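**Student:** Below is one structure. I have some questions about it.
The values are calculated or read from the model by the stated rules, or taken from the named source; none is laboratory data. Remember, it's a predicted structure, so these values are computed and weren't measured experimentally. Note: ideal-geometry Cβ built from the backbone for every residue, glycine included; neighbour counts use all protein chains shown.
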């Protein structure tokens, strides 16, 4: 599954939430491929921030605003007339959702509704990928598949479930059977990578502690999450957008993006591996958050693997090494060249992966070879 740079070169793309961690990685990749990117988001949510350090604001059209402001977002969409929309803007911290449920529902639900309403009022958009979360499922004790019931027991998860329902509503009411505009939602597992400075999130908390020479505190050491490097998730979004643009009637649905089944790591295993990459050992236990968190969360990703040809490229050990390398350079010198370097390495790996024959292609080649040999012997 490669990402087609020729597809993105010169294409008008609107990214919301581009100042956040995942949005910065996505925007940097799009910019490297030559896309004409407009970003719309609030100011970077952390200080420091990867977006500010990267200098991306000077290489794209960078607009600041509230995605839940219906009029402001509508004006941007109407003026930019994007061909592809990647909607990442949202409140992404579970603890913040507990402390500010109203703000969380406003951003995650009304921000999604505002974007969908803006899209339906322009004719330029051919594909829209709206990012929600793997926390949108009602029963997270099972391996969650895209058609499982939606719901949530805390504001963050519930707001993402509501956003999914809004996407389904708009798709049915305003884009029924549409062959001109594809509307899809993407639900990724827990992403990590260098440059995340968010509070109450495992990998940035670990990196901050290790770089200060302190022992990190783990809330739920044995909890299991569908961890994946940010580039694996972003590659899924880009691949989905490409196919959605080409065949909206086939790809306008919801999609899970997560690690290989059975490869999920516990919180303590992540901490141990990242500590080793930083040359530090040890961690301490901490009281859990006053928020209901499931001890086990797994995603069924066969839909994306089978229909998009997507699969994670970075194993956990390699992904954590890339993460440690980026943090060390960012904290040590302020250098962000590693961001473009890691994107280029990942992209090149995808192209190499596409150059290799698949299992099915190998069977065809072998069958063809056997047939040719039989014909030769018969002659």
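**Student:** Take residue 194 and tell me if it is surrounded by 18 or more Cβ atoms within 10 Å (Cβ to Cβ) and within 30 Å of residue 325 (Cα to Cα).
**Tutor:** Numbers: surrounded by 18 or more Cβ atoms within 10 Å (Cβ to Cβ): yes; within 30 Å of residue 325 (Cα to Cα): yes.
Judged against the criteria, residue 194 is a match.
**Student:** Just checking, does the range 312-326 include any residue being touching a helix residue (DSSP H, G or I) at 6+ places or on another chain (Cβ under 6 Å) and exposed (fewer than 14 other Cβ atoms within 10 Å of the Cβ)?
**Tutor:** There is no residue in the range 312-326 that is touching a helix residue (DSSP H, G or I) at 6+ places or on another chain (Cβ under 6 Å) and exposed (fewer than 14 other Cβ atoms within 10 Å of the Cβ).
**Student:** Something else: Please find, within the range 111-146, the residue that is surrounded by the most Cβ atoms within 10 Å (Cβ to Cβ) out of those that are more than 19 Å from residue 181 (Cβ to Cβ) and over 20 Å from the mean Cα position of the chain (by Cα).
**Tutor:** Among them, the one singled out is 138.
**Student:** Listed residues 161, 92, 166; which is modelled with pLDDT under 95, buried (at least 18 other Cβ atoms within 10 Å of the Cβ), under 20 Å from the mean Cα position of the chain (by Cα) and more than 18 Å from residue 38 (Cα to Cα)?
**Tutor:** Just one listed residue meets the conditions, 92.
**Student:** Identify all residues within the range 17-38 that are more than 13 Å from the chain's Cα centre (by Cα) and under 19 Å from residue 112 (Cα atoms); write none if there are none.
**Tutor:** 19, 38
**Student:** Here is a list of conditions, (1) under 19 Å from residue 301 (Cβ atoms); (2) in a helix (DSSP H, G or I), and residue 184 meets all of them except one; can you say which number that is?
**Tutor:** Residue 184 satisfies all of (1) under 19 Å from residue 301 (Cβ atoms); (2) in a helix (DSSP H, G or I) except (2).
**Student:** So, in the range 129-149, how many residues would count as being outside any loop (DSSP other than H, G, I, E, B), touching a helix residue (DSSP H, G or I) at 6+ places or on another chain (Cβ under 8 Å) and within 20 Å of residue 95 (Cα to Cα)?
**Tutor:** Adding up the residues that qualify gives 4.
**Student:** In the range 49-61, which residues are out of contact with any helix residue (DSSP H, G or I) (no Cβ under 6 Å at 6 or more places or on another chain) and under 23 Å from residue 103 (Cβ atoms)?
**Tutor:** Hits for the range 49-61 are 49, 52.
**Student:** Within the range 6-18, count every residue that is free of Cβ contacts under 8 Å to residues at least 40 places away in the same chain and in contact with a helix residue (DSSP H, G or I) (Cβ under 9 Å, 6 or more places away or on another chain).
**Tutor:** 0
**Student:** Here's another thing I want to ask about it. Among the listed residues 149, 199, 176, which satisfies the condition of being modelled with pLDDT of 95 or more and surrounded by fewer than 22 Cβ atoms within 10 Å (Cβ to Cβ)?
**Tutor:** 149
**Student:** Of all residues in the range 195-247 being touching a helix residue (DSSP H, G or I) at 6+ places or on another chain (Cβ under 7 Å) and assigned to a strand (DSSP E or B), which is nearest to residue 22 (Cα to Cα)?
**Tutor:** 229
**Student:** Something else: Farther than 22 Å from residue 24 by Cα, out of contact with any strand residue (DSSP E or B) (no Cβ under 8 Å at 6 or more places or on another chain) and crowded, with 16+ Cβ neighbours inside 10 Å - does that describe any residue in the range 74-84?
**Tutor:** yes
**Student:** Please pick out the residue among 133, 159 that is under 25 Å from residue 264 (Cβ atoms) and touching a strand residue (DSSP E or B) at 6+ places or on another chain (Cβ under 7 Å).
**Tutor:** Checking each option against the conditions leaves just 133.
**Student:** When you scan the range 40-50, do you find a residue that is under 20 Å from the mean Cα position of the chain (by Cα), within 19 Å of residue 122 (Cβ to Cβ) and touching a residue at least 12 places away in the same chain (Cβ under 8 Å), even just one?
**Tutor:** Yes, the range 40-50 contains a residue that is under 20 Å from the mean Cα position of the chain (by Cα), within 19 Å of residue 122 (Cβ to Cβ) and touching a residue at least 12 places away in the same chain (Cβ under 8 Å).
**Student:** Which of (1) within 26 Å of residue 236 (Cα to Cα); (2) out of contact with any helix residue (DSSP H, G or I) (no Cβ under 8 Å at 6 or more places or on another chain) is the odd one out, the single condition residue 93 does not satisfy?
**Tutor:** That leaves (2) as the condition not met.
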